[in-house]
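What follows is a single structure, written as structure tokens, with notes after it.
The values are calculated or read from the model by the stated rules, or taken from the named source; none is laboratory data. Predicted model only: the values in this text are computed from it and were never measured. Quick reminder, even Gly has a Cβ in these numbers, built from the backbone with ideal geometry, and neighbours come from all protein chains shown. The protein model used for the area step is the full one, side chains on, heavy atoms only, and it has no ligands, DNA or RNA in it. Shrake-Rupley method; radii C 1.70, N 1.55, O 1.52, S 1.80 Å.
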Amino acid sequence: MPDWVTHIAVAWIICRLLSFKYDEFNAANTMLVITGALIPDFSKFILVFKFFGLDLSEYLSIIHIPTGSVIVAGMMSMLFPEKKKAFLFFGLGIITHYSLDIILEHVSGGIYLLFPFSWWQWQLQITNSSDYLITLLALCLAGLVYLVGREIDANKGTA
Ligand SMILES: [Zn+2]
């Protein structure tokens, strides 16, 4: 799905940019951020279960709500030796996901960003998720950041 590509690309771009300044954003932690960026879309497993005749939409759709994503991130970070750190990296990923979704998705009627405090569905309606231009833009940006990063790393080696 194109929005997964966009989510991964944007999470990676942010980590790569931060890695120029902060050593914490190494490959392993970047993977955590990327995983975090995909957590809200774990709710798409609804479709997989539906295929097998199980309707879990009532249970799983809560994952695509910030509160639900944060709970999932919390459970997942229990698996790591540095739980707090893992949680923060997952959290950063989740933030990138919703920042993008607020631009991308309005097919489903926006996001319950402040649930359970508000039922307001947030969306900016700038574009929709079938707009491949956003994916393309994210990939081009990722390519650019990749090249710049390689240049910077090469200079670091010789300096
Ligand atoms: Zn989403």
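Tabulated values for the structure
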quantity: Helices (runs of 4 or more DSSP H) fully within segment 4-93 counting 2 or more residues that are under 16 Å from the mean Cα position of the chain (by Cα) and of a type outside the set (A, V, I, L, M); calculated: 27-38, 66-77
quantity: Residue match in segment 122-138 (condition: open to solvent by less than 60 Å² (accessible area, probe 1.4 Å), assigned to a loop (DSSP other than H, G, I, E, B) and modelled with pLDDT of 80 or more); calculated: no
quantity: Count - residues of segment 1-15 that are open to solvent by 50 Å² or more (accessible area, probe 1.4 Å) and either of a type in the set (Lys, Arg) or within 16 Å of the ligand (Cβ to nearest atom) (or both); calculated: 4
quantity: Single residue of segment 28-51 satisfying the filter (under 17 Å from VAL70 (Cα atoms) and of a type in the set (Ser, Thr, Tyr)) that is modelled with the highest pLDDT; calculated: THR35
quantity: Per-region count, segment 16-45, residues open to solvent by less than 20 Å² (accessible area, probe 1.4 Å) and within 13 Å of the ligand (Cβ to nearest atom); calculated: 6
